[in-house]
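S.K.: Handing you a structure now.
The values are calculated or read from the model by the stated rules, or taken from the named source; none is laboratory data. All figures in this text were calculated on a predicted structure; none of them were measured in a lab. When we count neighbours, we look across all protein chains shown, and the Cβ atoms used for this are built from the backbone with ideal geometry, even at glycine. Side chains included, ligands, DNA and RNA excluded: accessible areas come from the protein's heavy atoms. Shrake-Rupley method; radii C 1.70, N 1.55, O 1.52, S 1.80 Å.
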Amino acid sequence: MTAATETNSINVKFIAVPPDLRPKYVPLRGDAAAIDPVARAEEALSKLADNFERWLGEEVDVLLRTWAELRKPPAHLPGKHNAFYLAAHDLRGEAATLGYPLISRLAGGICTLMENFAPEDMPYDLIDQHVLAIKAAIREKAEGNGSETARALVQHLAKIVAEMTEPSGT
Amino acid sequence: MDPLKPDLSALKFLVIDDSTFMRRIIATMLHGFGVRHIEEAENGTAGLEAAAVFKPDIIITDSLMPAMDGTEFTRTIRNPESNCNCFVPIIMLTGATEQWRVLDARDVGVTEFLSKPIAAKALYQRIVATLTEPKRFVKTETYFGPDWGQHRAEDDTLTAEEEPQVHMID
């Protein structure tokens, strides 16, 4: 593999990326060019949508299981915290993609708390409220923006998390 | 040439995510885009092995994963001594959008950054951008990767204020 390089006066080398990819793709032509690839992907995704609730349920089960483990003695084991954090982080990204943004926000609140507190100082009761809210949201099938009550609960918890984690005066 | 409609059927994609569901969603999107060659891995360690064997043209990786996360994976790939193509475009997907995470990802050499929820259109645009507007690479004493100082003006994910100080050596 060769790459054109150029070095400037402050010892920074700029490298033109070897053109390995360009020969591999060509513009779509004819009938193929008339098809919108994004629309085709969205259509394929819509066929998967019937699975989303079950998939999300399985992810929430992981969160509940790791939370139960974390709450068992002995306390403050890094492995248990990491497992729960990873479950919350995954749920944050996946729930939004699967069409459950309220659950994503609740999982994000858990992540924020865990990133801002040491295990011995962690506000476990507040995390527990997030976990219970996620359970309620999955039970109520809170897709999209959810109910007014669900939105109010999520906003309330988000406000508490912000007050506890954001520097005062900001 | 319509830059939004390249034929992706000859390109090889490696998808790395610890969530089976997210891998399935991403693979479904890619198939919709016309991609035919997809390899999957469940963490960075498995991703490195797959990259060495499968020799992907584009890598799509999650950020936070057990065993080896997306940041460490990218750092390893970008090592010019690695046995993989150190220039391979890496698109990082993440549920976490805190600025420090974005900067971390950029500082280890990701090519594109995309936050969850993943939309088909946004992913497609990132893929097309890596093909049609490849960033040159820059090598300094502390960094090897895409030249982010060259990023496209229309890229709304990363602002000019976020540009890392990796291009200058005092």
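S.K.: Per the Debye formula with a single identical scatterer at each Cα and no solvent contribution, what log10 I(q)/I(0) holds for region A:77-127 at q = 0.17, 0.19, 0.22, 0.26 Å⁻¹?
M.R.: Taken in order of the listed q values, log10 I(q)/I(0) reads -0.48, -0.59, -0.75, -0.94.
S.K.: Taking only Cα atoms, what is the 0 to 90° angle, nearest 10, from helix A:101-116's long axis to the longest principal axis of chain A?
M.R.: For A:101-116 against chain A, the angle is about 80 degrees.
S.K.: Sticking with this one: Please report the equivalent ellipsoid semi-axes of chain B, computed as sqrt(5 x eigenvalue) of the Cα gyration tensor, largest first, in whole Å.
M.R.: Details: eigenvalues 102, 70, 51 Å².
Three semi-axes, in Å: 23, 19, 16.
S.K.: If I stretch the segment between A:ASP50 and A:LYS24 completely, what's the gain in nm (0.36 nm per residue apart, minus their alpha carbon distance), one decimal?
M.R.: Numbers: separation 26, 0.36 × 26 = 9.36 nm, distance 3.55 nm.
That works out to 5.8 nm of additional length.
S.K.: So what is the orientation-averaged projected area of region A:34-103, using the convex hull of its C-alpha atoms, in nm²? Walk me through the intermediate numbers first.
M.R.: Values: hull surface 22.1 nm².
Averaged projected hull area, Cα only: 5.5 nm².
S.K.: Could you pull out every one of the lysines with an alpha carbon less than 25 Å from that of B:LYS55, ignoring same-chain neighbours closer than 8 positions?
M.R.: Once the sequence-local lysines are set aside, what remains near B:LYS55 is A:LYS24, B:LYS5, B:LYS12, B:LYS135, B:LYS139.
S.K.: How big is the dipole moment of chain A about its Cα centre under a simple scheme where the beta carbon of each Lys and Arg is +1, that of each Asp and Glu is -1, and everything else is neutral? Debye, nearest 20, please.
M.R.: Values: 18 positive and 24 negative charges, 59 e Å.
I would put it at about 280 debye.
S.K.: Work from the charge dipole of chain A (Cβ charges, +1 for Lys and Arg, -1 for Asp and Glu, about the Cα centre) and give the residue of A:LEU21, A:HIS156, A:ILE35 farthest towards its positive end.
M.R.: Positive-most Cα among the choices belongs to A:LEU21.
S.K.: Further question: If you split all Cα-Cα distances of chain A into 10 Å bins from zero, what percentages do you get per bin, shortest first?
M.R.: For chain A, the binned pair fractions read 9, 27, 21, 14, 18, 10, 0 percent.
S.K.: Sticking with this one: Provide a whole-number value for the mean count of partner chain Cβ atoms within 10 Å of the Cβ atoms in peptide B:132-140.
M.R.: On the way: counts 3, 0, 7, 1, 8, 8, 4, 8, 4.
Partner Cβ neighbours, averaged per residue: 5.
S.K.: Please compute, over every Cα-Cα pair in region A:99-162, the percentage with a separation greater than 17 angstrom. Kindly include the intermediate steps, with their values, before the conclusion.
M.R.: On the way: 671 of 2016 pairs.
Taking all Cα-Cα pairs of region A:99-162, the fraction more than 17 Å apart is 33 percent.
S.K.: Let me ask something additional. For peptide B:60-67, how many partner chain Cβ atoms fall within 10 Å of a residue's Cβ, on average? Show your work: numbers first, answer last.
M.R.: Values: counts 0, 0, 3, 2, 7, 3, 3, 0.
Average neighbour count from other chains, rounded to a whole number: 2.
S.K.: Using label points projected 7 Å from each Cα along Cα→Cβ, tell me how many nm separate B:GLU133 and A:THR165, to one decimal.
M.R.: 3.2 nm
S.K.: Right, something else. Starting from the coordinates of the alpha-carbon atoms of the protein assembly as shown, obtain the Kirkwood hydrodynamic radius over all distinct pairs and give the value in Å to one decimal. Intermediate values should be presented prior to the final figure.
M.R.: Working: mean 1/r = 0.0468 Å⁻¹.
About 21.4 Å, per the Kirkwood formula over Cα pairs.
S.K.: Under a Cβ-only charge scheme (Lys and Arg +1, Asp and Glu -1), can you give me the dipole magnitude of chain B about the Cα centre, in debye to the nearest 20? Could you put the intermediate results ahead of the total?
M.R.: On the way: 17 positive and 27 negative charges, 123 e Å.
The dipole of chain B has a size of about 580 debye.
S.K.: What does the structure give for A:28-36 when I average, per residue, the other chain Cβ atoms found within 10 Å of the residue Cβ? Provide the component values of the computation, followed by the final result.
M.R.: Details: counts 9, 2, 0, 0, 4, 3, 1, 3, 5.
Mean shielding count: 3.
S.K.: Might you report the magnitude of the Cβ-based charge dipole of the protein assembly as shown about its Cα centre, with Lys and Arg at +1 and Asp and Glu at -1, to the nearest 20 debye? Don't skip to the end; give the middle numbers.
M.R.: Working: 35 positive and 51 negative charges, 148 e Å.
The dipole magnitude comes to about 720 debye.
S.K.: Going from most exposed to least, what order do B:ASP104, A:ASP50, B:ASP18 have by accessible area with a 1.4 Å probe? Let's see the in-between values first.
M.R.: Values: B:ASP104 70, A:ASP50 140, B:ASP18 40 Å².
In descending accessible area the options line up as A:ASP50, B:ASP104, B:ASP18.
S.K.: Between helix A:124-139 and chain A, what is the angle of the helix's C-alpha long axis to the longest principal axis, kept within 0 to 90° and rounded to the nearest 10?
M.R.: The answer is roughly 70 degrees.
S.K.: How would you rank A:87-100, B:55-68, B:74-87, highest first, on the average number of other Cβ atoms within 10 Å across their residues? If you can, show how the numbers build up before the last one.
M.R.: Values: A:87-100: 24.8, B:55-68: 22.0, B:74-87: 17.4.
Going by the mean number of other Cβ atoms within 10 Å, highest first, we get A:87-100, B:55-68, B:74-87.
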